[in-house]
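As structure tokens, the structure follows; a few thoughts come after it.
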């Protein structure tokens, strides 16, 4: 349907990827992954025809329809939300108008006339096409998508320009989903979605009838929605079958297999070079030396890719608080006539990691603001426990930063005793490269400033963290650093996030905001979903333990090392020469077996098979080395008699 052949792309002098061959099929389900700046968004734009290639070609079937959603930056205005989404069906609406006009014409014409017959024929064709394009359900389709993406019905008739940037992106996404292009290209579509809308999009894509390629930093989302991972790493695009977790496993297995093949090849190269250097100037070994020189020249050298940088940052732990951290008693919050929360009661205890969930507009951010003290209660009582120090990270936390300060200088002033190397590592975790560390905060984008504000906050965390969408604008590496830090955090955390993986691995309790109150669910997010579905207690199961693979049987060989002698009778000399010939034959056989095993090992079919072949290859290599030593001993004895 769409094919890239020998494709390569540069960004200035930097090569992003090269020699890419990719056939995008009608049912493509691919996730693009890779580090920040590797070229994921650029590749998506290339596929969408928005960027040109520097090398290779891009070809597509005639009539293919592409739909592209960028990360942000779209602005829509001039119509209501519902009318804007309905505009994707302009052709269907034109058909509907034509059908209405044809109906009027037929009512005015003589049914026996030729003109009536022509109009009736056109009416039949238009009506068939209208039904084939689901013309009678387009309003229902629009309503379904808008509801799924979190637009309440009250917002459907609001003007699009009244909505913020994140909601503008939701409108653009809704239009794309309604258009149903043959290839849907989504660049971080969950960035502007809450958890409920993200879950709805997940289900929608699973049932999408055409192809899609997407970029996401949500592991769970990738695991559910894609069947293939395309990773941009080391200027190459490598494909893996399965979701994100299978990709991680396969990548580790491939790297282990590559390292094993590299070690075996280096051993063989050293063995060949040692033989050549030892017997290069002996006429009796000229044939064997030349054979090994040719073999050495034929070896296609394996190159190991550079190691990916792994960064860990140890955050200082806060002072301990009392057992009870916070209590709400009969709390209510209203904005004018609009009631957000009513009769809310709960107790937060030390060490709780609470995920706030609920549909958009339910009051998650309001609840965090009440806990942070940035919003007053309308009614009720809120008390903090003994030695509790709250710290609040808002979605627009960047507004509190000094715009004139440089990033690294500001971070150093916040942690004067922390070594510069650790501060630079922390900035790297949160996607600030070497040059970014010296930028002034004022020139950073809103997302960059929010990332920096989060990093700065975690240098000296309070013992009661209130985090509103901390995972926004973070890639997987930054999310891993944040998750690891919060998992080791000895204080208490209340957070809002739309990243399913992050929630599942961090939350110990779930607070659902619904019907103007807070429903408390013990356990993590899967426990919450199970209870919502009315399930029974789950019984944990053990993972299957893979059976061990026994080592390969050693290859039998004869070991007839002769003792050197100064004088050897002709019969014994003949026997040694025959033994040398047998060993040479055996060495040739073992070399062929080694080459065959190396070839099979280079074709990765699975971890178990790769381990079996590695064991077999090690045995064959040991047998070959032993045969070479025996042959050299016999050869030296024969030479001594010459």
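The values are calculated or read from the model by the stated rules, or taken from the named source; none is laboratory data. All values derive from a computational prediction rather than experimental measurement. FYI the Cβ positions are ideal-geometry reconstructions off the backbone, even for glycines, and counts take in every protein chain you see.
Annotations
- Considering only residues in region 156-186 that are more than 27 Å from the chain's Cα centre (by Cα) and surrounded by 18 or more Cβ atoms within 10 Å (Cβ to Cβ), the one that is farthest from residue 91 (Cα to Cα) turns out to be 163.
- Meets criteria (assigned to a helix (DSSP H, G or I), over 21 Å from residue 396 (Cα atoms), touching a residue at least 40 places away in the same chain (Cβ under 8 Å) and touching a helix residue (DSSP H, G or I) at 6+ places or on another chain (Cβ under 9 Å)) for residue 186: no
- Residue 340 being closer than 30 Å to residue 377 by Cα and modelled with pLDDT of 85 or more: yes
- Summed over region 406-420, the residues that are over 17 Å from residue 444 (Cβ atoms) and either in contact (Cβ under 8 Å) with a residue 24 or more places away in the chain or assigned to a strand (DSSP E or B) (or both) give a count of 2.
- Scope region 203-214; condition surrounded by fewer than 20 Cβ atoms within 10 Å (Cβ to Cβ) and in contact with a helix residue (DSSP H, G or I) (Cβ under 9 Å, 6 or more places away or on another chain); matching residues: 203, 204, 205, 206, 208
- Highlighted here are the strands (runs of 3 or more DSSP E) found entirely within region 18-69 that include at least 1 residues which are surrounded by fewer than 16 Cβ atoms within 10 Å (Cβ to Cβ), over 21 Å from the mean Cα position of the chain (by Cα) and modelled with pLDDT under 90: 55-60.
- Hey, residue 502 at pLDDT 90 or above and closer than 30 Å to residue 407 by Cβ or not: yes
- Beta carbons closer than 6 Å, at least 6 apart along the sequence or on distinct chains, pair a first residue in region 147-176 that is over 15 Å from residue 190 (Cα atoms) and not assigned by TED's automatic domain parsing to the domain that holds residue 193 with a second that is surrounded by fewer than 13 Cβ atoms within 10 Å (Cβ to Cβ) and at pLDDT below 90 for 160/77; 161/77.
Yes/no per residue for (1) buried (at least 19 other Cβ atoms within 10 Å of the Cβ); (2) free of Cβ contacts under 8 Å to residues at least 24 places away in the same chain; (3) in a loop (DSSP other than H, G, I, E, B):
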| site | (1), (2), (3) |
| --- | --- |
| 404 | no, no, yes |
| 422 | no, no, no |
| 428 | yes, no, no |
| 432 | yes, no, yes |
| 442 | no, no, no |
| 470 | yes, no, yes |
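- Filtering 563, 508 for residues that are more than 30 Å from residue 301 (Cβ to Cβ), at pLDDT 80 or above and outside the structural domain of residue 192 (by TED's automatic domain parsing) leaves a single hit, 508.
- Matching residues, region 335-344, being touching a residue at least 12 places away in the same chain (Cβ under 8 Å) and exposed (fewer than 14 other Cβ atoms within 10 Å of the Cβ): 339
- Test: residue in region 449-462 that is crowded, with 19+ Cβ neighbours inside 10 Å, outside any helix (DSSP H, G or I) and either at positive phi or outside the structural domain of residue 339 (by TED's automatic domain parsing) (or both): no
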